[in-house]
């Protein structure tokens, strides 16, 4: 037992990137505190976590977050590490964030162990994994307590497992595929449907390529049969009905508008988020003013939430950091400009008219018109765009990240060109990864109606992109070894 701390310290020294990566995530998670402005849905997931164990007045707490279709048994197991550390004094919000960080590290380690032979993650060739994971939005989603970390870990397990199965490492590969498939089905059923549809198309191609039938059957059992049986035996009738009755065309027809209403007086003093009209609003000098004006924001929820958090929690770490770097003044400046516009406009609407490129409402494509998918797919992959329109605070900040995604796509394309002689188009894992990636892009083009949501969902592409990047290099090494042996 005395050797364990020494082994942990040695591991951290050998993998400095893991240490720095983890510390950066943990520091950010602590600094955010109970601020959910950067991830508004996190409050719902925290509610699910707090009401999942023990006696609760809510028998189905998962219905108040994105875990609607998740079996409660799955959530009990998935959130158990976070629940345990709360008994040691860790706050609930930080517990689910630490779980997210752990799942992110798991995905990195799985990809590393499957594809890279080096024992250390510090070599330059291995640092690409960390570079991809340090895209700001990905860093954010893998720190806060949303489902993105679960999805990233599940996809990493599934794709890495597929690679192992077709390299005849059956037991470990099958376990990873089964766990990844069942967990993804429990986490986000439509993504699982995309993955399984890609798997079925790939299986048809495998038979054409005359790949060993036994290997294909093992893949079918691990990816489809066993996860479906597990899910059917653990989920509820409500969740099954929700999944089976979902309609892609109806999802794409929902409104993508994000509306927030706030009462403001002539001096710009606000009463808080909500539609209830207060009797009076008290100004800074103690005076009261009647008849505050109702201003309607279309989008800009991050700005609104930041404004009220900085105002209500002046002593928080996050507020102090924002104050130190003059970011608080910038937020208040943007807020004041928006409020002035709302007071001037006759209809008191802010953000109703925005650029078609960076507007927060997106127009999805239609299945009956395949060409209509091209534009929304382009927005999903490349938007929002810097210096275009007046998209609001969050989208404006996010737009400066977009070039990083463009660079990521370019790096992957260069990798395909670099290893074009490897005949990757007949490699079973690559076939699946390519089809799944294209499927996610097409599905997103059909259903994404809000720029902010589309921006967050783009992080799903991270794992298949890393997988393809690494698999191309691994396949080239395998071919080189086989030629040398001959």
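Cut-off is 10 Å between beta-carbons; in what order do 481, 441, 397 appear when sorted fewest neighbours first?
Numbers: 481 10, 441 19, 397 15.
So the ranking, lowest neighbour count to highest, is 481, 397, 441.
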How far, in nm, would the chain grow between residue 476 and residue 312 when pulled straight, counting 0.36 nm per residue and subtracting the alpha carbon separation?
53.4 nm
Label points 7 Å out from Cα along the Cβ direction at residue 321 and residue 343: separation in nm?
3.3 nm
Spin-label point model (7 Å from Cα, Cβ direction): what's the residue 30 to residue 220 distance in nm?
5.2 nm
Across 10 Å bins from 0, what is the distribution of all Cα-Cα pair distances for segment 357-486, in whole percents?
12, 36, 30, 15, 6, 2, 0
How much length would be gained if the chain were fully extended between residue 378 and residue 406, taking 0.36 nm per residue of separation minus their Cα-Cα distance, in nm to one decimal?
9.0 nm
On the formula 1/(1 + (r/R0)^6), with r taken between the Cβ atoms of residue 294 and residue 387 and R0 of 35 Å, the FRET efficiency rounded to 0.05 is 0.65
Separation of the residue 397 and residue 172 label points, Cα + 7 Å toward Cβ, nm
4.0 nm
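Expressed in nm to one decimal, what extension gain is obtained for the pair residue 330 and residue 213 from 0.36 nm per residue of sequence separation less their Cα-Cα distance? Present the calculation step by step, with values, prior to reporting the outcome.
Working: separation 117, 0.36 × 117 = 42.12 nm, distance 6.16 nm.
Length difference between fully extended and current span is 36.0 nm.
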If we count other beta carbons within 10 Å of each Cβ, what is the order of 34, 475, 418, fewest first?
418, 34, 475
Shape descriptors of segment 3-249 over alpha-carbon atoms, Rg and Dmax in angstrom, are 19.2, 58
Using alpha carbon centroids, what distance separates segment 87-112 and segment 187-222, in Å?
30 Å
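Order 298-306, 68-76, 419-427 from most to least packed using the mean count of other Cβ atoms within 10 Å.
Details: 298-306: 21.8, 68-76: 19.1, 419-427: 14.9.
In descending order of packing, they fall as 298-306, 68-76, 419-427.
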Expressed as a whole number of Å, what is the distance separating the alpha-carbon centroids of segment 54-84 and segment 141-159?
17 Å
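For residue 85 and residue 200, what does the FRET efficiency come to when R0 = 51 Å and r is the distance between their Cβ atoms, rounded to the nearest 0.05?
Numbers: r = 40 Å, r/R0 = 0.78.
Here the calculated transfer efficiency is 0.80.
If R₀ is 25 angstrom, what is the calculated FRET efficiency for the pair residue 413 and residue 139, using the beta carbon separation as r and rounding to 0.05?
Details: r = 24 Å, r/R0 = 0.95.
Once the sixth-power term is evaluated, E becomes 0.60.
Give me 142, 323, 235 sorted ascending by neighbouring Cβ count inside 10 Å, so fewest comes first.
Lowest count first: 323, 235, 142.
A short reminder: the numbers here are calculations on the coordinates, not readings from a lab. Quantities reported herein were computed from a predicted structural model and do not represent experimental measurements. Here the Cβ is made from the backbone with ideal geometry for all residues, glycine too, and neighbour counts use every protein chain on show.
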